[in-house]
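Student: Please read through the structure below; I'll follow up with questions.
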Amino acid sequence: MIVVLVGIGALVTRARLPLAVKTLVVAGLGLRVVGALARMQVAADSWVYFRWGERYAEYFAQLDFSPLVDPSLWRSVQWVGTNAVAYPAGFAIALLGPTQFGVFLVYTLLAFSGVAAYGLAFRRSVPAEDTTSYWAWLMLFPSLVFWPSSLGKEALMILGLGIAAFGFLGREERANWTVVALGVAVVFAIRPQVAAIVVLTMAMSYVLRPQNLGPLRVLESLAILAVGLVVMANLLEPEVGDASLASVEGYVEYNSAMTAQGGSEVGAAGFGLTSIPLAILNVLFRPFPWEAHNLSSLISALEVVLMWGLIYWRRRQVMAALRNWRHSRLLRFALLFTLLYVIGLGMNIGNLGIIARQRVLVFPLLFAFVEAGAMYLRQEAPAVGTARHPRGGRYPSLYPSS
């Protein structure tokens, strides 16, 4: 696996990317090896997945794939969820042998691939702009280096979400639905409820795009939204049951009770419109420095302060993105997914330790929103010798041809 990672680094140095971006990608790859070593020290769930991977590997090594279809061999009663996490470990162990560090590196590489997919999607979305600063967020941000570099759900979720975003943002905002379906399938295999959020986000991204509201456009938007809601309801079924209000509320209450333990427990926001502000606060702003009760929570608190300090420093860029968010598929997808995922996570989970691990899934799109705002701000700046447009000179998209 070390040889594979070195080989990937060598290929990156020959890619058609700016030198600064290539340097960041190689540095990010190296940091993730360190992250995998660190995660091995604090990854209790990973050893459960590893033991199940060893069981599956006994079958896979003999080209017997019955663990994929035989419920008697599953870890749980459902194929999706915790059961599916161990399948890549089984294949890795069948190939590499029972090497714990080697399997961690496999999952680290999967997570890195998902993060890189976000970078490539952003680059395609803004082809005329320098994307170095966005790559710096992806490659160097501590949580993105540490939490997904492990045999666990976060690595596979980052992979699936990155693939889905790459396919949906496409080239010149033309989606590749085959790639989208692959990414959503990976996400569904691990967390069906997040796959439902992805599908709803895509449907809403189409409905909320700027358009002439003629009868055909209205019917098209309603049809897309209806299809999105039907698909979302079916994706929710394995985890939540039927998508009724009572089932969703019961699911939230169950998750809240299950995570109400440990020194990091602060109480989930609960289900309802009035719970939204607390859900956003818990996920994106906590723990506060004075809430840190050990080294890991102190590091998490300092990271949150650093992140929001940098975002506040660039508040003009954020405001530019907010002014123009409907005019770009990138911004629509980033804003909607961030809000929906953060609200859903905050309503379900009240343990800051679990939140710190699971909120990494939203960071690549949150950072994309900040960086796209910087580009809009440059577009809004008046040329030398010209007057500023009274409404800021907004542009309909990030593409030069627009």
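The values are calculated or read from the model by the stated rules, or taken from the named source; none is laboratory data. Values in this document were obtained by computation on a predicted structure and should not be read as measured data. Note that we place each Cβ from the backbone using ideal geometry, even for glycine, and neighbour counts take in every protein chain shown. Side chains are part of the model used for accessible areas, which takes the heavy atoms of the whole protein and leaves out ligands, DNA and RNA. Shrake-Rupley method; radii C 1.70, N 1.55, O 1.52, S 1.80 Å.
Student: Only residues in region 303-331 that are on the phi < 0 side of the Ramachandran plot count as the first member; pair them with residues that are of a type in the set (Lys, Arg) and open to solvent by 60 Å² or more (accessible area, probe 1.4 Å), Cβ under 8 angstrom, at least 6 apart or cross-chain, and list the lot.
Tutor: Hits for this filter: Arg323/Arg394; Asn324/Arg394; His327/Arg394.
Student: Could we say that Ala27 is farther than 17 Å from Leu156 by Cα, within 24 Å of the chain's Cα centre (by Cα) and open to solvent by 40 Å² or more (accessible area, probe 1.4 Å) here?
Tutor: yes
Student: Name every residue in region 139-157 that is open to solvent by less than 10 Å² (accessible area, probe 1.4 Å) and closer than 26 Å to Ser328 by Cα, in order of residue number.
Tutor: Listed by number, the residues that qualify are Met139, Leu144, Met157.
Student: Restricting to region 72-88, name every residue that is open to solvent by less than 80 Å² (accessible area, probe 1.4 Å) and under 22 Å from Gln193 (Cβ atoms).
Tutor: Matches in region 72-88: Trp74, Ser76, Gln78, Val80, Gly81, Thr82, Asn83, Ala84, Val85, Ala86, Tyr87, Pro88.
Student: Here's a follow-up. Say whether the condition of being in a helix (DSSP H, G or I) and farther than 25 Å from Gly35 by Cα is met by at least one residue in region 145-163.
Tutor: Scanning region 145-163, I find no residue that is in a helix (DSSP H, G or I) and farther than 25 Å from Gly35 by Cα, so the answer is no.
Student: What's the total number of residues in region 342-376 that are over 20 Å from Met139 (Cβ atoms) and either at pLDDT 95 or above or of a type in the set (A, V, I, L, M, F, W, C) (or both)?
Tutor: Result for region 342-376: 8.
Student: In region 312-342, which residues are under 24 Å from Phe271 (Cα atoms) and buried (at least 20 other Cβ atoms within 10 Å of the Cβ)?
Tutor: Phe333, Ala334, Leu335, Leu336, Phe337, Thr338, Tyr341, Val342 - these are the residues of region 312-342 that are under 24 Å from Phe271 (Cα atoms) and buried (at least 20 other Cβ atoms within 10 Å of the Cβ).
Student: Working only within region 30-45, note down all residues that are among the charged types (D, E, K, R) and within 26 Å of Gly9 (Cα to Cα).
Tutor: Arg32, Arg39
Student: Can you name every residue in region 298-316 that is in a helix (DSSP H, G or I) and over 19 Å from the mean Cα position of the chain (by Cα)?
Tutor: Listed by number, the residues that qualify are Leu298, Ile299, Ala301, Leu302, Val305, Leu306, Gly309, Leu310, Tyr312, Trp313, Arg315, Arg316.
Student: If Ala136 satisfies all but one of (1) farther than 13 Å from Arg329 by Cβ; (2) buried (at least 19 other Cβ atoms within 10 Å of the Cβ), what's the number of the condition it fails?
Tutor: The one condition Ala136 does not meet is (2).
Student: Can Arg55 be described as open to solvent by 70 Å² or more (accessible area, probe 1.4 Å) and in contact with a Pro (Cβ under 9 Å, 6 or more places away or on another chain)?
Tutor: yes
Student: Taking the residues in region 252-274 that are surrounded by 17 or more Cβ atoms within 10 Å (Cβ to Cβ) and among the polar types (S, T, N, Q) as candidates, determine which candidate is modelled with the highest pLDDT.
Tutor: Once the filter is applied, the top-ranked residue is Ser264.
Student: Scan region 341-361 for residues that are out of contact with any Ser or Thr (no Cβ under 6 Å at 6 or more places or on another chain) and under 22 Å from Thr274 (Cβ atoms) and report the count.
Tutor: Residues in region 341-361 being out of contact with any Ser or Thr (no Cβ under 6 Å at 6 or more places or on another chain) and under 22 Å from Thr274 (Cβ atoms): 9 in total.
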